[in-house]
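Enquirer: Mind having a look at this structure? Questions to follow.
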Amino acid sequence: MKTKFRSLCSTALALTLGLTLLSGPASVQAAGNADYNLTGFSQGNAGGGIISESNTATYKKVYNATDLALALKKNSGVKVVEIMNDLNLGWNEIPSAAQTSPFAKHNDALTHPVLKQTGVSKLTIDGFNGLTIFSANGSKIKHAAISVKRSSNVIIRNLEFDELWEWDESTKGDYDKNDWDYITLEENSNVWIDHCTFNKAYDGLVDSKKGTSGVTISWSLFKGDDGSSNSWVTQQINELEANKASYPMYNYLRSSAVGLSKADIIAISGPQKKGHLVGSTSLESANANLSMTLHHNLYKDIQDRMPRLRGGNAHAYNIVMDSTGARAAKAKITTAMATAIASKGYKFDIIGNGAISTESGAVLVEKSVIKDVLYPVRNNQTDPADPTYTGKIRVTDTMYSLDGSSFRGSSDTSGSPLAPIPAVVKSFSWNGFSSLPYSYTTDDPSTLNARLTASNGAGSGKLTWSKDNWLKTSY
């Protein structure tokens with residue numbers, strides 16, 4: 001495998017990548033850049049194909065929820081869906097014409113002042129074989145959970161997903177009621193999610209289950225809330241602060257029994273709890289089919305599951321897990337506070353898990369960066385004494401830092417902080433093949449922070465190029 005070493009100098013970077021820098025923010029011409037080729041387990045996925053927008057039977061431009069409902073209705077025959085602008089898809093804000101399959105009403109919001117007004121929708125994409133959904137301008141989809149089922153060769157590119165989290169009083173901070181994930185994949189083969197941005201969500205960001213195979217998630221940004229004056233979390237906490245008596249958990253956290261300030265609660269609530277659950281049911285036979293590749297993704301203040309695998313195979317390379325903000329927020333909870341919170345059965349904390357493999361799943365993490373994740377590599381989350389629940393996980397040439405200390409190496413390096421815990425280590429091997437069934441090129445991990453946070457880095461709205469390039473899978 002060949003490793004590319006890139007200069008951190010922006011001028012040299014532009015020359016290396018063959019990019020033309022244009023005026024305006026996030027405006028990088030990226031056509032012809034092989035770094036954006038589809039690789040990983042979804043290699044060979046052509047999506048809806050390269051179709052002219054003049055073919056109005058199979059190429060649909062979507063401006064509103066009604067357009068989207070028609071385009072994604074089962075057996076619509078549509079191959080390409082271009083999202084032309086931001087879409088607010090809450091159940092109460094879409095017109096009655098759209099309140100039909102593939103849309104359905106989702107669980108009611110209970111605490112967030114915006115979601116209580118807009119409602120939440122579930123959008124089900126079912127039975128498609130060959131479909132590309134993209135935006136040329138990084139459009140945003142809000143207030144909706146998308147479920148892709150029984151489909152194959154699906155591509156989702158250059159979209160941002162937002163406003164799908166609320167404070168959880170009903171399960172005392174366990175976040176076990178609403179089941180709002182931005183994207184859930186079930187019984188699919190070949191799904192590519194590329195150059196997308198996922199903001200804080202109630203549950204998971206992108207989950208894959210029921211034997212879904214051939215998933216690649218690339219060049220995407222997963223991030224918590226920044227706690228700014230009008231952020232989604234701040235809006236929620238402002239509501240709770242103004243009505244403390246209506247929210248017993250929040251009121252208790254603010255009371256002298258715990259002593260957290262409003263600003264503390266905003267900071268602690270900001271990081272996203274869960275990333276990718278791959279395999280939702282323990283020891284399910286279909287888990288053997290699970291396969292996912294993660295590359296060139298930036299996980300900013302994600303607390304867990306990057307990924308969390310049950311059976312099957314997952315490969316993560318050139319990803320950055322940066323939990324510096326989450327680690328700092330956790331320090332606001334003293335031992336006495338944690339004891340007081342637990343005494344009432346409330347869950348209000350920040351966890352620090354990275355990549356996790358369980359139930360004989362195989363996870364390889366290579367040439368990546370992990371910052372301030374307390375438990376970067378885990379191999380069992382059920383019973384460390386029972387090898388049935390232990391996964392195979394290996395880390396190679398990865399940079400790890402925690403509380404000022406740093407390490408670069410592999411999980412099997414002597415004294416490595418990347419050695420799997422808490423169970424006895426299982427020897428690494430892939431499930432079903434001896435070597436990965438695709439080729440790929442890696443960057444040196446020392447370049448990744450600059451690379452993924454650059455104007456042409458991970459996330460939606462980063463690339464300005466001819467929109468037919470979003471229909472291609474190689475450049």
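The values are calculated or read from the model by the stated rules, or taken from the named source; none is laboratory data. Small disclaimer: the values here were computed from a predicted structure and weren't measured. Every residue, glycine as well, gets a Cβ built from its backbone with ideal geometry; the counts of neighbours run over all protein chains shown. These area figures cover heavy atoms from the full protein model, side chains too; ligands, DNA and RNA do not enter into them. Shrake-Rupley method; radii C 1.70, N 1.55, O 1.52, S 1.80 Å.
Enquirer: Using modelled backbone amide H atoms (1.01 Å from N, in-plane), which distant-in-sequence or interchain residues come within less than 5 Å of LEU402's amide H?
Expert: Under 5 Å from the amide H of LEU402 lie the amide H atoms of ASP372, each far enough along the sequence or on another chain.
Enquirer: A follow-up question, please. What's the ranking of 360-372, 430-442 by average number of surrounding C-beta atoms within 10 Å, highest first? Please list the in-between numbers first.
Expert: Values: 360-372: 23.9, 430-442: 13.2.
The packing order, highest mean first, is 360-372, 430-442.
Enquirer: Which far-off residues, 5 or more places away or on another chain, put their amide H under 5 Å from the one on THR197, with H placed in the peptide plane?
Expert: Under 5 Å from the amide H of THR197: LEU159, GLU160, PHE161, LEU221, SER460.
Enquirer: Follow-up question, since we're still on this one. From the backbone phi of the stretch 242-249, what are the Karplus-calculated ³J(HN,Hα) couplings (6.51 cos²θ - 1.76 cosθ + 1.60, θ = phi - 60°) in whole Hz, Gly and Pro given as x?
Expert: 6, 9, 3, 4, 7, 10, x, 5
Enquirer: Give me, ordered by chain and number, the residues 5 or more places off ASN129 or on other chains with an amide H under 5 Å from its own placed amide H.
Expert: Hits under the 5 Å cutoff: SER152.
Enquirer: Along the stretch 336-347, what does the Karplus equation 6.51 cos²θ - 1.76 cosθ + 1.60 (θ = phi - 60°) give for ³J(HN,Hα), rounded to whole Hz, x for Gly and Pro?
Expert: 5, 4, 4, 5, 5, 5, 5, 4, 9, x, 8, 10
Enquirer: Provide Rg over Rh for the stretch 48-175; use the alpha carbon set for both Rg and the Kirkwood Rh (inverse mean inverse pair distance).
Expert: Details: Rg = 15.2 Å, Rh = 15.2 Å.
On the Cα set of the stretch 48-175, Rg over Rh gives 1.00.
Enquirer: With mean projected area of the Cα convex hull in nm² as the read-out, I listed (i) 22.1; (ii) 26.4; (iii) 29.3; which label goes with the value calculated from this structure?
Expert: (i)
Enquirer: For SER435 and ARG408, what does the FRET efficiency come to when R0 = 41 Å and r is the distance between their Cβ atoms, rounded to the nearest 0.05? Could you put the intermediate results ahead of the total?
Expert: Values: r = 25 Å, r/R0 = 0.60.
Between SER435 and ARG408 the formula returns 0.95.
Enquirer: Hey, what's the Kirkwood Rh for the stretch 275-331 if you take every pair of different alpha carbons, in angstrom? Could the numbers behind the result be given before it?
Expert: Working: mean 1/r = 0.0802 Å⁻¹.
This gives a value of 12.5 Å.
Enquirer: Once phi is turned into ³J(HN,Hα) by the Karplus curve 6.51 cos²θ - 1.76 cosθ + 1.60 with θ = phi - 60°, what whole-Hz value does each residue of the stretch 458-475 show in order, with x for glycine and proline?
Expert: These are the phi-based 3J(HN,Hα) values: 6, x, 7, x, 8, 10, 10, 8, 3, 5, 5, 5, 5, 8, 8, 10, 8, 9 Hz.
Enquirer: Give the span of the stretch 346-390's Cα atoms along each principal axis, as three whole-Å numbers ordered largest to smallest.
Expert: Per principal axis, max minus min of the Cα coordinates gives 37, 29, 12 Å.
Enquirer: Just from its helices, what would the mean residue ellipticity at 222 nm be for the chain, if runs of 4 or more DSSP H residues each count -39500 (n - 2.57) and the sum is divided by every residue, rounded to the nearest 500 deg cm²/dmol?
Expert: Values: 9 runs with 69 residues, N = 475.
Helix-only estimate at 222 nm: -4000 deg cm²/dmol.
Enquirer: Take the alpha-carbon positions of the stretch 108-235, form their convex hull, and give its projected area averaged over all directions (one quarter of the hull surface) in nm².
Expert: 8.0 nm²
Enquirer: Here's a follow-up. Give me the accessible area per residue for the chain, probe 1.4 Å, as a whole number in Å². Let's see the in-between values first.
Expert: On the way: 17610 Å² over 475 residues.
Each residue of the chain exposes 37 Å² on average to a 1.4 Å probe.
Enquirer: Would you give the gap between the C-alpha center of the stretch 90-147 and the C-alpha center of the stretch 149-195, rounded to a whole Å?
Expert: Computed from Cα coordinates, the inter-centre distance equals 11 Å.
Enquirer: Heavy atoms only, probe 1.4 Å: what % of the accessible area of the chain goes to carbon and sulfur, would you let me know?
Expert: Working: 8620 of 17610 Å².
It is 49 percent, rounded to a whole number.
Enquirer: Of LYS177/LYS200; LYS200/LYS392; LYS177/LYS274; LYS142/LYS262, which ones are farther than 19 Å apart at the Cα? Please list the in-between numbers first.
Expert: Details: LYS177/LYS200 16 Å; LYS200/LYS392 29 Å; LYS177/LYS274 15 Å; LYS142/LYS262 26 Å.
Listed pairs above 19 Å: LYS200/LYS392; LYS142/LYS262.
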